[in-house]
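Asker: Sharing a structure below in structure tokens format, with a few things to ask.
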Amino acid sequence: MGIGKAVKEELSGSIAKSYVAGITAYHRVHASPMMDAAAQHLKGILDSFGMDDVRIERYPSDGRRKYWTYVTAPAWSCRGAELRMVEPAEKVLARFADIPQSLHTYSKATPRGGVTAELVDVGKGTSDGDYRGRKVRGKLVLATGRGRAVHLQAVVKRGAAGVVTDGLSYEFQGVRESTDIPDAHAYQGIWPTAEEARKTTFGFSLSKRQGNELRKHLASGKRVRLHARVDAELSKGSYSVLTATIRGSESPKDEVFLVAHLCHPRPSANDNASGSGLLVEVARTITALIKAGRIPRPKRTIRFLWVPETNGSVAFLSKHPELYPRLKAGINLDMVGEDQVLCRSTLIMDSTPDSVPSYLNDFVFSMIKQANAEYDAMVKLGMSSNFRFDKTAYSGGSDHTEFGESTVGAPCVAMTQWPDMFYHTSLDTLDKVSEDSLRRVGWTTAVSAVTLADAGEETVHRLAVLSSTEGMKRVSEAVEKASSELMDARRSAKDGRAKAAAARLAMYHRSRLSHIARRDAAAVRSLSRLDPESGSDAFVEAQAAAVTEHGSRELERLNRVIDSAVDASAAEALMRKGHSEAEERAKGIVPVRLFKGSLDHEAMPDVLGERRCAWHDDAEKRDPLFPKKMFEAVNLMDGERDLCEITEFVSSEYTPTDIGDVIRYVSDLRAARLVR
């Protein structure tokens, strides 16, 4: 029996959802007792399957200790909390027992009798300007900004008694706004370091409807007083990382890995009880099929990981460098169970960064397509599917980042349903989880993992052809994209400045096409990581060479487009002009990174100060891809590439990039002693 058919018969969306339901019962905050209890709950289930090497690894976490550049969180436990309005009317606004996400995680206890204080509206509450002319010491502040940022401004810097927020973590105009879910309480956290914890207090997250009611009272001139009571504590604890394996039959040290983050406040059904619960069902399915003799035990080991998001992966990888070369390929499951109608979501496969080119992108995406063929009926006019899926260039934001960045170098893709109307809110409940989504993603994950773990010459050659074919398509699509943009530029090039811009656009597209051809040839050759023997044989090399040759032919075709679309004199003038002053400076900078793992976004501000690093936010406003580009730029800081080459690389991967921003960012990294 084929792997796909066997998995389809065994894997159950209903059973997967039952595991999801079990996880939602736990308030799964990093380093908290209930996070560890959730890990123990899953460990008991995995033990019952008879899996190999099932264990929980615990990594000390206290608000001071670091793993790579990440400061750990303190342990946190909460026994209860309530926020009540006492003036101008008596009204309960939030109870932790009713809605756990109504309390900011890592809130500290109030005095036994609670705290009663006047409420002050500070707008967003995340910058000094929001507090100009407002006295907040000893008062509660009402803000729309993120909980931690508001807390640092209002409580730590200005002595406010506590924080009340009513904003969503992320809003997307026309897609997901507070007005769409006015009764949702957003997941907000304080996340204090040990030093900050001496000054932090507590915070509550209200719905937008409740926040508007409080603002209405304030706008009418009424005094608003609230009473807060919190029974909670911070302490020393640990990150709990649950791991289990299905040991390989021939090359057990080589591993295909599957990871899901187990954390987030109760219930957080889709984010990420869905990924964690589905990973349990994938483990059960593969184990059951092997035990029943329906599929052979794969040659390589399959490792399963349930982690506190980002921090758990960082801690695990920092303590297991021996695994890096043995981790052959991975899949991260993060928010995979969404009912696409209710959540307005699409299944997205996030690719590996171009600095870690891999065949894995094309393979896993082909399995997502195949899952539709498995679960949707064919009708007279084609497939009857309403299930949405797509793929993106590397975006990050989850645990695949930590495995796939260049110092670890283990190719890992992520599957995520995005956007999600109920993301990081109290409305992320079990009724939003779809058994159908779990089945499809579970089939994709299980079949992909077993195929890779058991791959020999035939499978490697099939993957080489797939990756080569898709790579050549992308090269040709790059010509089509360039042609469209250049023809548009020609129509609008009425003066010298516009003609020069068109000439620069032509240079960009030449560089981009060459980059894609190099990357996708390297992706074919990356099969040597999976299987060093067959992955580097003449057949695979021929497939990689085909991409390179196709790139050369398509570059000639692009040059003919450029000759037709770009003013020759403008192109010649651009060539005569040569490198700019910034480019010449960048060519002389060859940085070497001095840290492992991805860079914690607070690492530089902690060393250099918020004021020096404020321009990072300004750069992101000008270029929303700035954080992703700088992540990739750091990946490329190998002591061989200069900043001009690095900027050209990230521009080709994403969009044209301001080389001045890259130079300035490296200057900050050097000042923080993160590169030399």
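The values are calculated or read from the model by the stated rules, or taken from the named source; none is laboratory data. These numbers come from a predicted model, not from an experiment. Backbone-built Cβ (ideal geometry, glycine too); neighbour counts: all protein chains shown. Please note that ligands, DNA and RNA were not included when accessible areas were found on the heavy atoms of the full protein model with its side chains. Shrake-Rupley method; radii C 1.70, N 1.55, O 1.52, S 1.80 Å.
Asker: Could you tell me whether T72 is crowded, with 21+ Cβ neighbours inside 10 Å, of a type outside the set (A, V, I, L, M, F, W, C) and farther than 21 Å from I99 by Cα? First the steps, then the outcome.
Answerer: Numbers: crowded, with 21+ Cβ neighbours inside 10 Å: yes; of a type outside the set (A, V, I, L, M, F, W, C): yes; farther than 21 Å from I99 by Cα: yes.
Yes, satisfied.
Asker: Residue by residue through the range 211-226, note down the ones that are over 17 Å from D166 (Cα atoms) and touching a residue at least 60 places away in the same chain (Cβ under 8 Å). Working first, answer last.
Answerer: The first filter runs over the range 211-226 and keeps only residues over 17 Å from D166 (Cα atoms), leaving 220-223.
Hits for the range 211-226 are K222, R223.
Asker: Still on this structure: Among the residues of the range 284-331, how many are part of a strand (DSSP E or B) and among the small types (G, A, S)? Can you show your working first?
Answerer: The initial filter retains those residues of the range 284-331 that are part of a strand (DSSP E or B), namely 300-307, 327-331.
Then keep just the ones that are among the small types (G, A, S); that gives 329-330.
Total meeting the criteria: 2.
Asker: Within the bounds of the range 419-433, is there any residue that is of a type in the set (F, W, Y), open to solvent by less than 30 Å² (accessible area, probe 1.4 Å) and free of Cβ contacts under 8 Å to residues at least 60 places away in the same chain?
Answerer: Checked the range 419-433: no residue is of a type in the set (F, W, Y), open to solvent by less than 30 Å² (accessible area, probe 1.4 Å) and free of Cβ contacts under 8 Å to residues at least 60 places away in the same chain.
Asker: Collect the residues in the range 518-535 that are closer than 15 Å to T459 by Cβ and either outside any helix (DSSP H, G or I) or free of Cβ contacts under 8 Å to residues at least 40 places away in the same chain (or both), keeping them in residue-number order. Full working, then the answer.
Answerer: As a first pass, look at the range 518-535 and keep what is closer than 15 Å to T459 by Cβ: 524, 526-535.
Hits for the range 518-535 are S526, S528, D531, P532, E533.
Asker: Pairs needed: first member in the range 279-299, surrounded by fewer than 24 Cβ atoms within 10 Å (Cβ to Cβ); second member anywhere, acidic (D, E) and assigned to a helix (DSSP H, G or I); C-beta distance under 8 Å; at least 6 residues apart or different chains.
Answerer: Every condition considered, the pairs that remain are A288/E10; L289/E10; R294/E10.
Asker: Next question. Considering each of G396, G471 in turn, give the residue that is under 26 Å from the mean Cα position of the chain (by Cα) and either part of a loop (DSSP other than H, G, I, E, B) or within 26 Å of A288 (Cβ to Cβ) (or both).
Answerer: After ruling out the rest, the residue left standing is G396.
Asker: Moving to a separate point now. How many of the residues in the range 646-676 are surrounded by fewer than 19 Cβ atoms within 10 Å (Cβ to Cβ), in contact with a Leu (Cβ under 8 Å, 6 or more places away or on another chain) and assigned to a helix (DSSP H, G or I)?
Answerer: The number of residues fulfilling the criteria is 2.
Asker: Going residue by residue through the range 30-50, is there one that turns out to be farther than 30 Å from E602 by Cβ, modelled with pLDDT of 95 or more and of a type in the set (D, E, K, R)?
Answerer: Yes: one or more hits.
Asker: Moving to a separate point now. Do you know which residues across the range 183-237 are open to solvent by less than 30 Å² (accessible area, probe 1.4 Å) and in a strand (DSSP E or B)?
Answerer: Across the range 183-237, the qualifying residues are A186, G189, G203, F204, S205, L226, A228, V230, A232, G237.
Asker: Of everything in the range 136-150, what is closer than 15 Å to L206 by Cβ and open to solvent by less than 10 Å² (accessible area, probe 1.4 Å)? Give them in sequence order.
Answerer: Taking the range 136-150 and keeping what is closer than 15 Å to L206 by Cβ, we get 140-147, 150.
Within the range 136-150, L140, V141, L142, A143, G145, G147, V150 qualify.
Asker: Considering only helices (runs of 4 or more DSSP H) fully contained in the range 547-619, which possess at least 1 residues that are among the hydroxyl-bearing types (S, T, Y)?
Answerer: Values: elements: 568-577, 581-587, 603-608.
In the range 547-619, the matching helices (runs of 4 or more DSSP H) lie at 568-577.
Asker: Still on this structure, please answer the following. Looking only at the range 663-675, decide whether some residue is touching a Phe, Trp or Tyr at 6+ places or on another chain (Cβ under 8 Å) and under 14 Å from S355 (Cβ atoms).
Answerer: No, that holds for no residue.
Asker: Going through the range 14-31 one residue at a time, which ones are in a helix (DSSP H, G or I) and either of a type in the set (K, R) or open to solvent by less than 50 Å² (accessible area, probe 1.4 Å) (or both)? Show your work before the answer.
Answerer: Keep residues of the range 14-31 that are in a helix (DSSP H, G or I), which gives 14-24.
Within the range 14-31, A16, K17, Y19, V20, A21, G22, I23, T24 qualify.
Asker: Of the residues R593, R585, R612, which single one is charged (D, E, K, R), farther than 19 Å from T126 by Cα, modelled with pLDDT of 90 or more and more than 23 Å from the chain's Cα centre (by Cα)? Talk me through it step by step, then tell me what you get.
Answerer: On the way: R593 fails: more than 23 Å from the chain's Cα centre (by Cα); R612 fails: farther than 19 Å from T126 by Cα.
Matching residue, one of R593, R585, R612: R585.
Asker: Here's a follow-up. All but one of (1) open to solvent by 10 Å² or more (accessible area, probe 1.4 Å); (2) outside any loop (DSSP other than H, G, I, E, B); (3) hydrophobic (A, V, I, L, M, F, W, C); (4) in contact with a Ser or Thr (Cβ under 8 Å, 6 or more places away or on another chain) hold for M349; state the number of the condition that does not hold.
Answerer: (1)
Asker: Condition first: open to solvent by less than 10 Å² (accessible area, probe 1.4 Å) and either in a strand (DSSP E or B) or hydroxyl-bearing (S, T, Y) (or both). Now tell me which residues in the range 247-263 satisfy that.
Answerer: E255, V256, F257, L258, V259, A260, H261
Asker: Here is a further query. Does the range 354-362 include one or more residues that are at pLDDT 95 or above, assigned to a loop (DSSP other than H, G, I, E, B), among the hydrophobic types (A, V, I, L, M, F, W, C) and closer than 24 Å to V465 by Cα?
Answerer: From the range 354-362, those at pLDDT 95 or above are 354-362; that's our starting set.
Now drop any that are not assigned to a loop (DSSP other than H, G, I, E, B), which leaves 354-359.
After this cut, where a residue has to be among the hydrophobic types (A, V, I, L, M, F, W, C) as well, the list is 356.
Subsequent filtering for residues that are closer than 24 Å to V465 by Cα retains 356.
Yes - at least one qualifying residue is present in the range 354-362.
Asker: When both residues are 6+ apart or on different chains and their Cβ atoms are under 7 Å apart, which pairs have a first residue that lies in the range 1-29 and is touching a residue at least 60 places away in the same chain (Cβ under 8 Å) and among the acidic types (D, E), and a second that is open to solvent by less than 50 Å² (accessible area, probe 1.4 Å) and in a helix (DSSP H, G or I)?
Answerer: These pairs meet every condition: E10/T285; E10/A288; E10/L289.
Asker: Can you find, within the range 82-111, the residue that is nearest to F204 (Cα to Cα) among those that are out of contact with any helix residue (DSSP H, G or I) (no Cβ under 8 Å at 6 or more places or on another chain) and aliphatic (A, V, I, L, M)?
Answerer: Step by step, filter the range 82-111, then rank; the result is L103.
Asker: Could you please let me know if K369 is open to solvent by 40 Å² or more (accessible area, probe 1.4 Å), assigned to a helix (DSSP H, G or I) and touching a strand residue (DSSP E or B) at 6+ places or on another chain (Cβ under 9 Å)?
Answerer: Values: open to solvent by 40 Å² or more (accessible area, probe 1.4 Å): yes; assigned to a helix (DSSP H, G or I): yes; touching a strand residue (DSSP E or B) at 6+ places or on another chain (Cβ under 9 Å): yes.
So K369 fits the description; yes.
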